[in-house]
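Coordinate-derived values only; no laboratory data. Since this is a predicted model, take the numbers as computed values, not measurements. Every residue, glycine among them, receives a Cβ derived from its backbone with ideal geometry; neighbour counts consider all protein chains shown.
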Amino acid sequence: MKKLALPLVALVAFTVYTALVVIEHGLLGFIPAHMVGGWALQVFLDLVLALIGFLVLAVPDARRRGIDIRPFIAATLLLGSIGMLAYFVRRQLGELRRPTHG
């Protein structure tokens, strides 16, 4: 149960924060901030590369665990880290449902 708590809390907190930012700045409000270049663009590109890396690793992991990765790919492409965090929550839920031997 402890292993589920961290990704679940992160997912809920980050989703709430993201919703508040979208309400205040609009759905595409991030674009002007990242177009100024420098660190703003670097952080954005770093996030994109990290999410691509996550997807590259998550696809075979999901196959091994019998998880349909398609909703998480779509969520990651549309919502960024929220999709990734949702995958981690789903992955931990699968672990909790797995029968224990012993």
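Can you put Met35, Met84 in order of Cβ neighbours within 10 angstrom, beginning with the fewest?
Starting with the residue having the fewest Cβ neighbours, the order is Met35, Met84.
State the extension gain, in nm to one decimal, for the chain segment bounded by Leu8 and Val48, taking 0.36 nm per residue of separation less the distance between their alpha-carbons.
Here the answer is 12.2 nm.
Please give the helix 81-97 orientation as an angle from the longest Cα principal axis of the chain, in degrees from 0 to 90, rounded to the nearest 10.
It works out to around 10 degrees.
Measure nothing fancy, just the Cα-based angle from helix 38-65's long axis to the longest principal axis of the chain, in degrees from 0 to 90, nearest 10.
The helix 38-65 is inclined about 20 degrees to the chain.
If you scale each eigenvalue of the Cα gyration tensor by 5 and take the root, what three semi-axes come out for the stretch 5-62, rounded to whole angstrom and sorted largest first? Intermediate results must be reported in sequence, preceding the final value.
Values: eigenvalues 110, 74, 16 Å².
Largest first, the stretch 5-62 gives 23, 19, 9 Å.
At 0.36 nm per residue, minus the direct Cα-Cα distance, what do Ile31 and Leu57 gain on full extension? Give it in nm, one decimal, please.
Contour length minus the Cα-Cα distance gives 6.6 nm.
Only Cα pairs under 8 Å and at least 6 apart count here; give the relative contact order of the chain as a rounded whole percent.
36 percent
Report the gain in length on full extension from Ala40 to Val22: 0.36 nm times residue separation, minus Cα-Cα distance, nm rounded to one decimal.
4.7 nm
Does anyone have the angle between helix 70-79 and the longest principal axis of the chain? Alpha-carbon axes, 0 to 90°, nearest 10?
30 degrees
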